[in-house]
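Working notes for the structure below.
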Amino acid sequence: MPEREVQIHPSWLAVVGEEFDKPYMTQLRAFLEQEQAQHQVFPPNKEIFSAFEHTPFDEVRVVILGQDPYHGPGQANGLCFSVKRGVKVPPSLVNIFKEIESEMGYPRPKHGDLTSWAQQGVLLLNAVLTVRARNANSHRDQGWETFTDQVIRALSAQKEGLIFLLWGGPAKKKARMIDANKHLILTASHPSPLSAHNGWFGCGHFAQVNEHLKARGDSPINWRLPE
């Protein structure tokens, strides 16, 4: 993550820009440069901060928290749970689409590119923003959590009426950083095939988000992906 390759929307720099000058970020940058010299790392540098590029701070309405990027070749694109067109839809995302189909009646899409959600104000944020190829959670506890925790705190403190979707144990732990008096927090099990039948299917989150948005006079999220 060389500094020249950090691409993050100016609205976010105004909120968390100071984080890039802190010692933990310097250490994280050194760790990433070493990792990239020895291993394949996902996503590419230019896509590490894609979530912040596609969803400016001022436009955030919904936050979906993931864990860390997909670790298979060509999968991670900087948006949690999302993959580029032409890449096979991963099992967790298949289950997300099944739940949307159940709730909204939308047929499952043929691709897994969630950019259209991000462009409607859905921040697709992973707790850890990079990963070593074929090695899940390999960049955990290197500093990314400090950064993304600060992102969550800033959203909670500086905005009103956000909807946070926390799926799975690690995401649910982030609830303590969110002011539940100002924001709506919805929790469920993770959509992974390992846990989806323990509270993911039937969670109703996508319909609940839109009901909440419409109740306050805001436009709903179109969860149906463009072809």
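Treating r as the C-beta distance of A180 and T146 and R0 as 25 Å, the FRET efficiency rounds to 0.65. Protein heavy-atom surface of the chain, 1.4 angstrom probe: 47% of the accessible area is carbon and sulfur, with nucleic acids and ligands not counted. Separation of the stretch 160-191 from the stretch 6-83 is 20 Å, based on Cα centroids. Under 5 Å between amide hydrogens, built in the peptide plane, is the criterion, and for V131 it picks out F42 among residues at least 5 positions away or on other chains. Based on DSSP, what percent of beta bridges with both residues in the chain are antiparallel, to the nearest 5? Of the beta bridges lying entirely in the chain, close to 20 percent run antiparallel. Loop-located trypsin sites (Lys or Arg not before Pro) in the stretch 1-93 (DSSP state not H, G, I, E or B) with no more than 15 neighbouring Cβ atoms inside 10 Å: R85, K88. Calculated FRET efficiency, S219 to Q34, Cβ-Cβ distance, R0 = 41 Å: about 0.35 to the nearest 0.05. When +1 charges are put on Lys and Arg Cβ atoms and -1 charges on Asp and Glu Cβ atoms, the dipole computed for the chain relative to its Cα centre reaches about 540 debye. Exposure check, 1.4 Å probe, all protein chains in place: V94 carries approximately 50 Å² of accessible surface. Rolled with a 1.4 Å probe across the full set of protein chains, the surface gives D58 an accessible area near 120 Å².
With the convex hull drawn around the C-alpha atoms of the stretch 38-111, the volume per residue stands at 112 Å³.
Rounded if a/c is under 1.5, else prolate if a/b is larger than b/c, else oblate: which is the stretch 4-47, with a ≥ b ≥ c the root eigenvalues of its Cα gyration tensor? Oblate, since a/c reaches 1.5 and b/c is not below a/b. Note on F20 and V94: their simple-model spin labels are 3.9 nm apart, each label 7 Å out from Cα toward Cβ. Residue by residue, the stretch 218-227 carries 3J(HN,Hα) couplings of 9, 6, x, 7, 8, 6, 7, 6, x, 5 Hz when phi is fed to the Karplus relation 6.51 cos²θ - 1.76 cosθ + 1.60 (θ = phi - 60°); x denotes Gly or Pro. The residues of the chain present an accessible area of 46 Å² per residue when probed at 1.4 Å with all protein chains retained.
Only Cα sites of the stretch 82-175 enter the Debye sum here, all with the same form factor; the resulting log10 I(q)/I(0) across q = 0.12 1/Å is -0.49, listed in q order. Here the gap between A207 and R85, fully extended at 0.36 nm per residue and compared with their Cα-Cα distance, gives a gain of 41.4 nm.
The values are calculated or read from the model by the stated rules, or taken from the named source; none is laboratory data. These figures come from a predicted structure and were not determined experimentally. Positions of Cβ are backbone-derived with ideal geometry, glycine not excepted, and every protein chain shown enters the neighbour counts. All accessible areas refer to the heavy atoms of the entire protein, side chains included, with ligands and DNA or RNA removed. Shrake-Rupley method; radii C 1.70, N 1.55, O 1.52, S 1.80 Å.
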